[in-house]
Every structure is written in structure tokens, then in C-alpha cells.
Amino acid sequence: MNLQAIPLGLALFIVIPLACGLASLVLGGRSSAPGRLAAARAATLAGSLACLLLAAAAWLGGAVPARLELAWIPSMGSSFSLSLDGLSLPFLALSGLLGAAAVLASWKGIGERVPSFHFCLSLTLAGINGVFLASDLFLFAFMWELMLVPMFFVIDIWGHEGRHRAAVKFFIFTQAGGLLMIAAIAGLYAAHGAATGEYTFAYDRLLGTAGGLGQTLQFLLMLGFFAGFAVKLPAFGLHAWLPDAHTEAPTAGSILLAGLLLKTGGYGLLRFAIPLFPDAARAFAPVAMWIGAAGILYGGLMALGQSDMKRLVAYSSVSHLGFVLVGAYSLNEAGRNGVVIQMLSHGLSTGALFMLIGSLQDRIGTRELGRMGGLARAAPRMGAFGLALTLALLGLPGMGNFVGELLVLFGAFKAEAAVAVAAGLGLILAMAYALRMFQLAFHGEAKEKRSVADLSAIETGTLALLLAALLWIGLYPRPVLALLSLALPGIAGGTAP
Amino acid sequence: MNFYLSLASGLDDAFAAAPLIVLAASALATLAAVSFAKRKVAAAYALCAIGLAAALVSSFALSLKMLPRQVGGALSMDGLSFIGTAIVLVSALAIALASGPYLSRREGERGEYYVLLLFATLGASVLAASSSLASLFLGLELLSVSLYALVGYRRERPEGSKAAFTYLILASVASAFLLFGMALAYYQTGSLELSSIARAAAEGSGGPLFAAGLAMMGVGFAFKLAVAPFHMWAPEVYEGASAPVAALIATASKAAMAIPLVRVLAPHILAAPAIWAIAALSGASMIAGNLLALREERVKRMLAGSSIAQLGYLLVALAAGGSNGATAALFYLAAYSLSTLGAFACIAAISSAQADAGRENFRGLASRRPLVAAVMTASLLSLAGMPLTAGFIGKFMLISSGMGSGVPSAASILPMRILVVLLALNSAASLFYYLRLLSLMYRGREPEAQGEPRAAVLAGAALALIGLGILAIGIVPGPLMEAISSLAGR
């Protein structure tokens with residue numbers, strides 16, 4: 001399928017969620033009639049599914065690479081230009097899938113201000129899709145910041161007990177990083193303009209700019225980009241917002257946060273921070289890899305000590321995203337491939353886990369591991385999915401996570417063997433915390449007497465879909481890797497050793 | 001023949017200065033109406049709104065075509081003054097519209113309020129158009145004196161009188177500084193022209209007395225703009241003044257005051273000491289303003305802190321200088337004014353007859369008054385610099401000018417880098433207080449709050465237009481950006 005032949009083409013990935021979000025607002029109105037609320041939910045669900053179908057069609061139809069360029073702010077040298085390549089396509093598919101999962105996961109759980117909630121979800125998705133598609137640095141910054149606002153509201157309005165604090169913390173951390181990145185974008189723009197007389201934000205034009213800059217300036221600009229992405233990832237040391245935000249967000253918010261927002265950080269490293277500043281990235285690589293390794297170990301250790309199930313998964317994310325940092329700065333093909341696989345499978349597995357925890361919390365009213373136990377017997381379907389996802393979390397072969405982590409370790413070993421060894425220790429920690437979580441929640445005697453309804457058909461179906469995708473990546477990752485080899489030459493060139 | 005020529009040239013002058021003439025005429029007409037009309041307040045309200053709208057129309061229909069034109073010896077109707085006047089007039093019109101329902105809820109409503117509003121607007125417009133020290137001071141005093149009276153307009157409220165006296169004393173001190181600085185500058189250069197003084201400053205001619213004069217004028221400007229460390233009056237005055245008047249001080253007055261600064265600074269590449277001085281003021285303002293707002297529970301005082309910080313951001317572009325700096329500064333000025341206007345108009349819209357809206361009035365606002373909550377959300381997000389709003393584009397342009405997309409001079413690199421990083425961190429920290437208020441509006445579903453007024457049609461329409469404007473500039477900034485950069489060059 002040729003996306004460029006459709007009117008709006010690539011912009012559909014942004015326009016559809018926006019339109020469906022607005023439709024949710026209009027359909028839901030201010031009424032509380034169940035029919036209208038269902039319509040509001042369905043509109044957003046339809047938007048996500050449409051994006052998923054679009055991505056699938058583009059994938060199967062071989063529509064990569066595709067471009068779209070519309071005039072936006074010509075006086076500043078910025079255009080509304082999107083480009084779809086092998087790196088962005090898998091993430092767009094992930095965003096469609098997890099967007100749908102997020103709507104389904106909150107079908108019952110969200111009862112307040114339903115239309116606004118779905119509008120916020122849609123707007124977040126539009127921003128995320130924009131981040132994955134933008135090939136103009138100003139547009140990228142715009143989209144990067146755009147996804148924060150609705151996400152803030154999702155946490156702040158519909159979250160759990162400590163939501164206000166968590167929402168503000170999330171916003172301030174990411175915004176501080178984002179503004180430093182914007183400063184770096186402006187600096188690169190100015191340097192390019194001063195050198196060539198052409199003031200432009202176009203990604204392709206800025207790709208080679210850094211080579212002509214002084215080393216100090218190049219390094220400073222690279223650090224600005226790194227700050228933005230490292231906060232979002234999050235890298236060790238800048239992760240303080242993550243456990244709170246993930247824990248306090250409503251289920252749908254956690255799914256989008258862990259499944260997609262964190263991925264924009266890794267995507268940004270691969271797309272911008274490394275290719276734009278190849279020399280500075282090479283100089284910085286050992287430091288970044290050690291930060292990644294520290295995150296892996298720290299996240300694993302913290303996860304081991306958590307009693308709140310959601311918080312445990314949140315810390316495991318810090319650990320797993322450490323692999324992304326390690327792999328990205330290995331600066332070789334294995335590392336890069338591993339990073340993408342790792343991010344996709346982490347998105348799927350953590351998204352599914354948050355969905356499971358959400359439905360668990362809806363039923364038993366707690367996320368405390370100490371008050372669970374015996375759930376596998378009480379709710380067998382829940383137990384089965386719990387087991388499968390636990391195994392994904394600890395990186396069992398067959399699941400996508402295994403492929404991702406293994407490739408990252410290969411890449412890291414080539415670049416810095418010591419980092420690979422340290423990161424490998426993280427896998428042992430993963431076994432420990434994942435199995436502990438499963439054991440406390442699903443095995444043993446029930447700590448409190450209660451009857452637990454098993455997963456509904458919708459929940460079962462959604463989880464099964466996510467799990468199937470995870471298995472597919474784990475067993476047959478070749479299509480994704482083939483797609484990656486189609487990525488823009490700038491990326492491959494930038495990460496070649 | 002000569003007569004016709006001079007008549008034609010006089011007409012051209014009149015066309016170029018049309019907004020000023022319309023403003024002066026409507027101020028006088030409103031004064032007459034207040035003295036003689038039967039329904040004094042209604043007549044004054046209508047005349048004021050019509051006069052401001054007419055001035056706005058005339059500036060686009062007549063004045064814009066004549067640019068640039070020197071009117072008399074002291075007024076330069078050029079692109080800069082057009083931008084300044086447009087910001088001032090839009091602000092004043094929205095404030096006038098919001099004032100109607102706001103004042104009618106209160107006891108002791110008087111038509112003189114609108115006369116003062118018109119005179120303040122006239123002063124601000126003259127200030128924006130001034131090309132010499134004489135007209136600058138004239139405009140400034142016209143604006144300031146009107147504001148003294150407006151701040152203390154409701155005499156029965158002690159906090160209003162207190163604010164008025166604070167403002168009176170400190171602004172007079174600032175005027176005195178400015179005047180003395182002007183005298184020194186005149187003594188050294190023998191000229192009242194802003195351009196020749198700026199040239200002398202850029203060339204470094206003129207002795208220590210001249211430098212002292214410039215510094216004193218700088219202090220005067222910093223006072224009026226409420227830039228740290230000369231900002232202490234702002235929270236008190238914002239809190240004591242009624243919401244529309246506080247809006248006038250925060251938008252029209254500051255925008256008008258910033259135009260001469262742009263006029264003087266933009267054409268020249270600044271020397272290192274000047275850059276460092278502006279950078280110090282800018283950094284101090286960001287930090288002081290945000291600290292003030294962070295600790296503040298009262299909404300109007302929080303907005304005072306916010307605008308101190310915002311002016312600090314603005315100075316980044318002025319320190320960067322060049323045509324890019326000027327465009328960024330003017331764009332940011334427009335975005336800031338519109339957003340601040342929105343915030344104050346929302347406060348005015350939900351203020352009860354007894355007191356201006358405080359934090360508690362915002363709780364659950366989204367379910368009670370969705371339009372006001374939506375506009376307030378847009379305004380706060382714009383002040384915080386989030387995308388889809390004008391503030392994002394403005395902040396990006398500031399950062400961009402700070403990173404040297406204009407003509408970078410070697411002396412400016414270090415201070416500008418520091419400023420940009422300060423701007424980034426400060427604006428992230430400022431989110432804390434913007435979000436705190438924002439989040440409050442979406443908490444709970446309060447039934448109709450005690451004493452909360454009902455929506456008024458005209459003020460509501462103005463509010464909606466402000467909200468739409470913030471979004472429109474945020475999504476399609478191109479036209480405004482191009483208009484500003486082409487106008488600033490004229």
C-alpha cells in the first residue's frame with residue numbers, strides 16, 4: 001500500500017487520534033447516559049485500531065520509506081514533515097496496539113469524566129505518533145512536549161491516591177529535560193545556519209552539521225539531546241519521577257507511560273542524539289553505557305524490595321530500559337537491533353502486566369503483594385497470564401524480551417565487555433524479582449478471604465493479543481530486523497562502529 | 001500650492017497617528033459623557049469600548065498603510081510602534097469588556113474608571129510610538145498617573161489604597177531615576193532622540209556621566225517592567241488592584257514599556273558589559289519571580305511572580321539583540337500579553353462582589369464554568385510554554401535567539417548560554433505553580449459556589465476570543481511571526 005497516495009498520508013497517524021479524541025468529547029458530551037459513554041470509549045478505541053491497521057497495512061504493503069511534507073512555518077525554516085521508515089513503523093504499530101489496550105483496560109475502571117479521559121488518551125497518542133514520525137526538529141520538539149500535557153491530566157485527574165504529586169513530578173522532570181533538548185535543537189539550528197546560510201530544522205539537512213562544529217559545542221549540544229531523552233527513558237539518576245508516575249497513574253496511563261512514553265526516549269537516542277552527533281556520541285559512549293548498567297542493577301535491586309505490585313513493575317522498567325541505554329551506545333548493529341526489540345517487547349509485556357494489575361486492583365482493591373496470594377487458584381485465567389508475563393519479565397527464551405536483552409548484551413560485549421558483564425547480572429535480579437512477585441501474588445494461601453472474578457472476555461482477548469505479539473517477536477524476530485535494515489541511512493551510518 | 005501640500009502632509013500625519021487621535025478623542029468624549037449623560041456608567045462603558053475598538057480598527061485601516069512615518073519631532077509611527085499599539089489596544093479592549101460586568105457587581109461603580117482606562121491606553125500608545133525622550137516621558141507619565149488612580153480606584157478598600165500608595169511612591173522614584181538619567185544623557189549628547197543616544201551608547205562615546213545616565217534610565221525601565229531586583233512592588237500592587245487593573249499593569253503597561261527598549265537595543269550589537277548587565281537582570285528576574293510565585297498561595301500574587309519571571313525570559317531575547325532577538329522579543333511579548341490577559345480575565349469573570357477570586361474559587365471550576373476553565377487552562381499552559389499554545393512558540397523563539405541564531409558576537413556566547421540554561425530550568429520549575437492551579441480546576445464537582453457571578457455575554461465572548469487566539473498562534477504561528485519580523489524591520 002502506498003501511503004503517499006492517500007490524502008494526508010502519514011499525517012493520518014496524527015489526524016486520526018485527534019479526530020477520534022474530539023469525537024469522544026462530542027459523543028460523550030456532558031451526559032452520563034451509558035450509551036453515550038460507550039460511544040465515547042468506542043470512538044477512541046476505533047482511532048487506535050485504525051492506526052494499528054494503517055501501520056499493519058504499511059508494513060505488509062512495503063510502504064516504507066514514505067514521506068510527507070507540508071508548509072508550516074516557512075519563515076523559521078520549519079515544515080510539517082513526517083517520514084516513515086523501518087525504525088518508526090514498529091513503534092507506530094505498538095502505539096496503535098497499546099492505545100487500544102489502554103481503552104479496553106479502562107472500559108470499566110474509569111467512570112468519571114469519561115469523554116475528557118478519552119480525549120486526553122487520544123491526544124497523548126497523537127503526540128506519541130508525531131514523535132515517532134517527525135523529521136523536522138522543531139516539529140519533533142512540538143510533539144515531544146505535546147504528549148506531556150494530556151498525560152499530566154490523565155495522571156492528575158484519574159490516578160490513584162498520590163496522583164497530584166506524582167503528576168507534577170512527572171511533568172517537571174520531563175519538561176526540564178525537554179527544554180534542554182530544545183536549547184540544543186536551537187543551537188544546532190543556529191550553527192547550521194551560520195555555517196551554510198540556510199536556516200532549517202529539517203532532519204536530513206542537519207545530519208552532517210555537527211561534524212563542522214567545535215568539539216566542545218558538539219559535546220554540549222549532544223548533552224542537551226541526551227538530557228531530554230535520558231529523563232524520558234529514564235536513565236539512572238534521572239529516574240525519580242518514574243516509580244511515582246507509574247504507580248499513581250490509572251491503568252491506561254501506566255500502559256501508555258511504560259509502553260510508549262519511555263520508548264520515545266530510546267527512539268530519540270537512536271534517531272537524534274547519536275546520528276546527529278556521531279563523534280560526541282562515540283566519546284560519550286562509555287559513560288552512557290555505565291549509566292545504563294547502573295540503571296539495570298539499581299532497578300533490579302529496588303524491584304526486589306517492593307511490596308506494591310505496580311511499583312515493582314515500575315522499577316523493573318528502570319532496569320529494562322537500562323538495557324536500551326547500553327545497547328544504543330554500543331554503537332553497533334547488534335546493539336541497535338537489540339534496543340528496538342527490547343523496547344517493543346518491554347512495551348508489550350509491561351503494558352500487559354499493567355493491564356493485569358489494573359484488573360486485579362479493580363477486583364481486590366489493593367496492589368499490595370502482602371495481601372494477595374493464591375490468586376492462581378481463585379482466578380485461573382488470571383494466573384495463566386500472570387505466569388506468562390512473569391516469564392517475559394525475567395526474559396525467558398521464546399519471549400521477545402529474551403531476544404532483545406541477548407542482542408544488547410552481544411552488542412555491549414563487542415563495545416565494552418565489562419559493561420556487558422555488569423548488565424548480565426541484571427538478568428539474575430530479574431529472575432529473582434519476577435518470580436518473587438508471581439509467588440507472592442498467585443501462589444500459596446490467600447491472605448484475605450475473598451472471591452475473585454476471573455478475567456472477562458475482553459480482558460482475556462486483549463491480553464492474549466499482546467502476549468501473541470510478544471511471542472511472535474520472541475520466536476520470529478526477523479521481520480522486525482528486516483524492517484530495521486530499511487531504516488534511513490543516517491541511522492545505520494551513524495551507529496556503525 | 002504650499003497650503004495644499006502641507007494639508008496633505010498633515011492629513012498623512014493624522015492618518016499615521018490615527019489610533020492616538022481616536023484614543024484622545026474618545027477619552028474626552030467619555031469624560032464628557034461621565035459629566036453630562038443620564039446613565040453615566042453605561043454611557044462611559046459603551047464609549048470606552050467603542051473608542052478602543054475604533055482605535056484598533058484605525059490602526060489597521062489607516063496607520064498601517066502610512067508606516068513608517070515620523071509625526072512631529074517626537075512620535076515615530078513605524079512597525080514597532082504599530083506592534084506595540086496593537087498589543088496595548090487589544091489588551092485594553094479585552095480589559096474594558098471584562099471590566100463592565102466585573103464593576104457592575106460592585107458598589108460605587110463610577111464612569112471615571114473608563115476615562116482613566118482610556119487615558120492609560122493613550123499613554124501606553126504614546127510610549128510605544130515615542131522616538132524621543134520627551135515623548136517617552138510624556139507617555140509614561142500619562143500611563144502612570146492614570147494607573148495610580150486606577151489602582152486605588154475603590155477608596156473604601158484599604159488594600160486598594162495601600163497598593164495605590166505603594167505604586168505611586170515606587171513608580172515616582174522610578175520616574176525620577178528615569179528623568180535624571182535622561183537629563184544626564186541629554187547633557188552628554190545634546191540630543192533627545194532615542195536613536196542618537198543609542199548610537200552614542202553603542203559607539204562608547206560619552207563619558208562616565210553618560211554611562212551613569214544610561215544606567216539610571218535602565219533602573220527606571222527595570223522598575224516599570226518589574227524586573228528583579230526592582231520588582232518588589234509588583235505582588236502588592238497586583239493583589240491590591242482589582243483584577244482588570246492588574247491585567248492592565250501586567251500587559252499594556254509592560255508591553256508599551258518594552259517597545260522603546262526593543263527600539264533602542266535591537267539595531268546595535270551590544271558590548272560585553274551591557275550584555276552582562278541585561279543577563280544579570282534577566283537571570284535574577286527568572287529566579288526571583290519564580291521563587292515568589294512558588295511560595296504564593298494567592299492567585300494574583302502568583303501571577304505577579306509569574307510575570308516577573310516572564311519578563312526575565314523576555315530579556316533573554318533583548319540581550320541576544322539583532323533582528324532575530326527583536327522578532328523573538330516582540331512575538332513573546334504578544335504571546336505573554338495574550339496569556340496574562342486570559343488569566344486575569346478569567347479571574348475577573350469568577351470574582352464575586354466582595355473579593356477577587358482566590359485559589360478556592362478555582363476548585364472544580366471545570367464542571368461549573370467550562371468556558372472559563374478552558375481559557376484559564378490555555379492561558380496557564382501558554383505561560384508555562386506548552387505546545388498548541390502561543391507560549392510554546394514564543395519560548396522556543398527566545399531560546400533560539402539566545403542560542404545565537406541572529407548575529408552572534410563573541411562576547412555574548414557565554415552569558416547567553418548561561419541564560420538559556422537558566423531559562424530552561426526556571427521554566428521547568430515554574431510548572432509547579434501553574435500546574436497546581438491548573439489541577440485545582442479539575443478536582444471535584446462543586447455545586448455553584450457562593451457569590452459566583454453568572455456568565456456575561458460580551459466578557460464571555462472576549463474570553464473565548466482570547467482562548468482561541470492563544471491556540472491559533474500556537475498552532476499556526478507563521479503569519480504572526482512573518483508580520484512581526486517584517487514590521488519590526490520597517
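When you check B:G181 against the structure, is it touching a helix residue (DSSP H, G or I) at 6+ places or on another chain (Cβ under 7 Å) and under 28 Å from B:I50 (Cα atoms), yes or no? No. Per the conditions (1) more than 23 Å from B:A424 (Cα to Cα); (2) touching a Phe, Trp or Tyr at 6+ places or on another chain (Cβ under 7 Å); (3) basic (K, R), the sole criterion not satisfied by A:K169 is (1). Please specify each residue of the range B:139-160 satisfying the condition of being in contact (Cβ under 8 Å) with a residue 60 or more places away in the chain, assigned to a helix (DSSP H, G or I), farther than 17 Å from B:F223 by Cβ and not charged (D, E, K, R). Within the range B:139-160, B:L150, B:G160 meet the criteria. Kindly evaluate B:F210 against the criterion of being out of contact with any Gly (no Cβ under 8 Å at 6 or more places or on another chain), among the aromatic types (F, W, Y), within 29 Å of B:A32 (Cβ to Cβ) and in a helix (DSSP H, G or I). No: the conditions fail for B:F210.
When only residues in the range B:405-424 that are crowded, with 24+ Cβ neighbours inside 10 Å and at pLDDT below 85 count, which is nearest to the other protein chains (Cβ to nearest Cβ)? If we take residues in the range B:405-424 being crowded, with 24+ Cβ neighbours inside 10 Å and at pLDDT below 85, then B:S405 is nearest to the other protein chains (Cβ to nearest Cβ).
Inspect the range A:262-284 for any residue being among the aromatic types (F, W, Y) and within 25 Å of A:V154 (Cβ to Cβ) and give the result as yes or no. Yes, the range A:262-284 contains a residue that is among the aromatic types (F, W, Y) and within 25 Å of A:V154 (Cβ to Cβ). For the range A:198-217, filtering for residues that are more than 14 Å from chain B (Cβ to nearest Cβ) and in contact (Cβ under 8 Å) with a residue 40 or more places away in the chain leaves 7.
If the condition is being surrounded by fewer than 17 Cβ atoms within 10 Å (Cβ to Cβ) and in a helix (DSSP H, G or I), then the range A:47-61 contributes A:L53, A:A56, A:A57, A:L60.
Quick check on my filter: what residues within the range A:149-161 are facing chain B (nearest Cβ under 9 Å) and free of Cβ contacts under 8 Å to residues at least 40 places away in the same chain? A:V149, A:F152, A:F153, A:D156 - these are the residues of the range A:149-161 that are facing chain B (nearest Cβ under 9 Å) and free of Cβ contacts under 8 Å to residues at least 40 places away in the same chain. Of all the listed residues (B:G79, B:G84, B:G72), the sole one being touching a Lys or Arg at 6+ places or on another chain (Cβ under 6 Å) and either closer than 30 Å to B:S351 by Cα or of a type in the set (G, A, S) (or both) is B:G79. For beta carbons closer than 8 Å, sequence separation of 6+ or different chains, a first residue in the range B:267-279 that is closer than 23 Å to B:A488 by Cα and a second that is hydroxyl-bearing (S, T, Y) and at pLDDT below 80, the qualifying pairs are B:I269/B:S409; B:L270/B:S409; B:L270/B:S412; B:I275/B:S412.
Check A:V64 against each of (1) of a type outside the set (S, T, N, Q); (2) over 19 Å from A:L27 (Cα atoms); (3) buried (at least 24 other Cβ atoms within 10 Å of the Cβ); (4) more than 9 Å from chain B (Cβ to nearest Cβ) and name the one condition it does not meet. (3) is the only condition that A:V64 fails.
The helices (runs of 4 or more DSSP H) found entirely in the range A:389-497 that carry 3 or more residues being closer than 19 Å to A:L321 by Cβ are A:400-415, A:417-442, A:457-475.
Among the residues of the range A:316-345, the ones that are surrounded by fewer than 24 Cβ atoms within 10 Å (Cβ to Cβ) and assigned to a helix (DSSP H, G or I) come to 3 in all.
Here is a list: A:L409, A:L387, A:L427, A:L394. Which entry is surrounded by 17 or more Cβ atoms within 10 Å (Cβ to Cβ), more than 24 Å from A:A285 (Cβ to Cβ) and among the hydrophobic types (A, V, I, L, M, F, W, C)? Of the residues listed, the single one that is surrounded by 17 or more Cβ atoms within 10 Å (Cβ to Cβ), more than 24 Å from A:A285 (Cβ to Cβ) and among the hydrophobic types (A, V, I, L, M, F, W, C) is A:L394.
Number of residues in the range B:165-190 that are closer than 14 Å to B:G206 by Cα and part of a helix (DSSP H, G or I): the value is 9.
Tell me yes or no: at least one residue of the range B:141-156 is of a type outside the set (D, E) and more than 23 Å from B:A96 (Cα to Cα). Within the range B:141-156 (the criterion being of a type outside the set (D, E) and more than 23 Å from B:A96 (Cα to Cα)), the answer is no, since none of the residues qualifies. Among all positions in the range B:74-82, there is at least one residue which is within 23 Å of B:A462 (Cβ to Cβ) and assigned to a helix (DSSP H, G or I).
Filtered by the rule that a residue be surrounded by 19 or more Cβ atoms within 10 Å (Cβ to Cβ) and of a type outside the set (S, T, N, Q), the range A:208-218 gives A:A210, A:L213. Being in contact (Cβ under 8 Å) with a residue 24 or more places away in the chain, of a type in the set (G, A, S), under 30 Å from B:R105 (Cα atoms) and buried (at least 24 other Cβ atoms within 10 Å of the Cβ) is a property that B:A247 has.
If you go through the range B:378-388 and keep only what is at the interface with chain A (Cβ under 9 Å from one of its Cβ atoms) and within 14 Å of B:L431 (Cβ to Cβ), you end up with B:L381, B:A384, B:G385, B:M386, B:P387. If you go through the range A:180-197 and pick out every residue that is without any contact (Cβ under 8 Å) to a residue 40 or more places away in the chain, buried (at least 24 other Cβ atoms within 10 Å of the Cβ) and of a type in the set (A, V, I, L, M, F, W, C), you end up with 1.
Among the numbered conditions (1) more than 14 Å from chain B (Cβ to nearest Cβ); (2) surrounded by fewer than 20 Cβ atoms within 10 Å (Cβ to Cβ); (3) within 30 Å of A:I185 (Cβ to Cβ), the only one that A:S81 does not meet is (2). Looking only at the range B:125-178, residues that are surrounded by fewer than 22 Cβ atoms within 10 Å (Cβ to Cβ), over 19 Å from the mean Cα position of the chain (by Cα) and under 19 Å from B:D78 (Cα atoms) come to 2 in all.
Which residues, counting only those in the range B:452-471, are in contact (Cβ under 8 Å) with a residue 40 or more places away in the chain, farther than 17 Å from B:A49 by Cβ and either more than 20 Å from the chain's Cα centre (by Cα) or more than 14 Å from chain A (Cβ to nearest Cβ) (or both)? B:E452, B:P453, B:A455, B:G467, B:G469, listed by residue number. Residue count for the range B:195-253 under the criterion of being polar (S, T, N, Q) and over 25 Å from B:I83 (Cβ atoms): the result is 2. Taking the range B:319-341 as the search range and keeping residues that are assigned to a helix (DSSP H, G or I) and modelled with pLDDT under 90, which one is surrounded by the most Cβ atoms within 10 Å (Cβ to Cβ)? Selected residue: B:A320. Here A:L146 fits the description: surrounded by fewer than 24 Cβ atoms within 10 Å (Cβ to Cβ), at the interface with chain B (Cβ under 10 Å from one of its Cβ atoms) and of a type in the set (A, V, I, L, M). Residue under question is A:H164, and the condition is that it be under 30 Å from A:L45 (Cα atoms), within 14 Å of chain B (Cβ to nearest Cβ), of a type outside the set (G, A, S) and over 16 Å from the mean Cα position of the chain (by Cα); does it hold? Against the criterion (under 30 Å from A:L45 (Cα atoms), within 14 Å of chain B (Cβ to nearest Cβ), of a type outside the set (G, A, S) and over 16 Å from the mean Cα position of the chain (by Cα)), A:H164 qualifies. The number of residues in the range A:104-142 being in contact (Cβ under 8 Å) with a residue 24 or more places away in the chain and either within 13 Å of another protein chain (Cβ to nearest Cβ) or outside any helix (DSSP H, G or I) (or both) comes to 25.
The values are calculated or read from the model by the stated rules, or taken from the named source; none is laboratory data. Since we're looking at a predicted model, the values are computed, not measured. Positions of Cβ are backbone-derived with ideal geometry, glycine not excepted, and every protein chain shown enters the neighbour counts.
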